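Report on the structure given below.
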Amino acid sequence: MELTAVEEQAVKAIYTDYHNGTTNADEALHALEQLINGGLLPCDKCGEKIEADTHAEELGMCVECSNAFFTHKDEAN
């Protein structure tokens, strides 16, 4: 896989932020995943591709899985 100039700059910026301590490993990994997946990340529960902002806000889940998790509808009785 060959990176475009913009992608190369983004990877360098992520590395620089991590190296300088302005981001932690989880944040750097998240940023790289966004870059690789074109801004979409898989839901940790169902695997549906969702916007990276939603992924971060909903703790790694799509809205449907997040709602089920926080209302406990995903738990068996």
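Mind checking whether some residue in the stretch 5-21 is touching a helix residue (DSSP H, G or I) at 6+ places or on another chain (Cβ under 8 Å), assigned to a loop (DSSP other than H, G, I, E, B) and surrounded by 15 or more Cβ atoms within 10 Å (Cβ to Cβ)?
no
Checking LEU41 against (1) surrounded by 13 or more Cβ atoms within 10 Å (Cβ to Cβ); (2) over 30 Å from THR71 (Cβ atoms), which single condition isn't satisfied?
It is condition (2) that LEU41 fails.
Against the condition under 17 Å from the mean Cα position of the chain (by Cα) and in contact (Cβ under 8 Å) with a residue 24 or more places away in the chain, how does LYS49 come out, does it pass? Give the steps one after another, and end with the answer.
Numbers: under 17 Å from the mean Cα position of the chain (by Cα): yes; in contact (Cβ under 8 Å) with a residue 24 or more places away in the chain: no.
So LYS49 does not fit the description; no.
Take the residues in the stretch 52-77 that are closer than 22 Å to GLU7 by Cβ and touching a helix residue (DSSP H, G or I) at 6+ places or on another chain (Cβ under 9 Å); name whichever of them is surrounded by the most Cβ atoms within 10 Å (Cβ to Cβ). So that I can check it myself, show each step before the final result.
First pass over the stretch 52-77, keeping only residues closer than 22 Å to GLU7 by Cβ: 52-53, 55-56.
Narrowing the set further to residues that are touching a helix residue (DSSP H, G or I) at 6+ places or on another chain (Cβ under 9 Å) leaves 52, 55-56.
Values: ALA52: 17, HIS55: 23, ALA56: 13.
Looking at the filtered set, the residue picked out is HIS55.
Looking only at the stretch 8-41, which residues are touching a residue at least 24 places away in the same chain (Cβ under 8 Å) and farther than 16 Å from LEU59 by Cα?
Result: ALA10, VAL11, LEU35.
Readers should treat all values here as calculations from the given coordinates under stated rules, not as data from a laboratory. All figures in this text were calculated on a predicted structure; none of them were measured in a lab. No Cβ is skipped: glycine too gets one built from the backbone with ideal geometry, and neighbour counts run over all protein chains shown.
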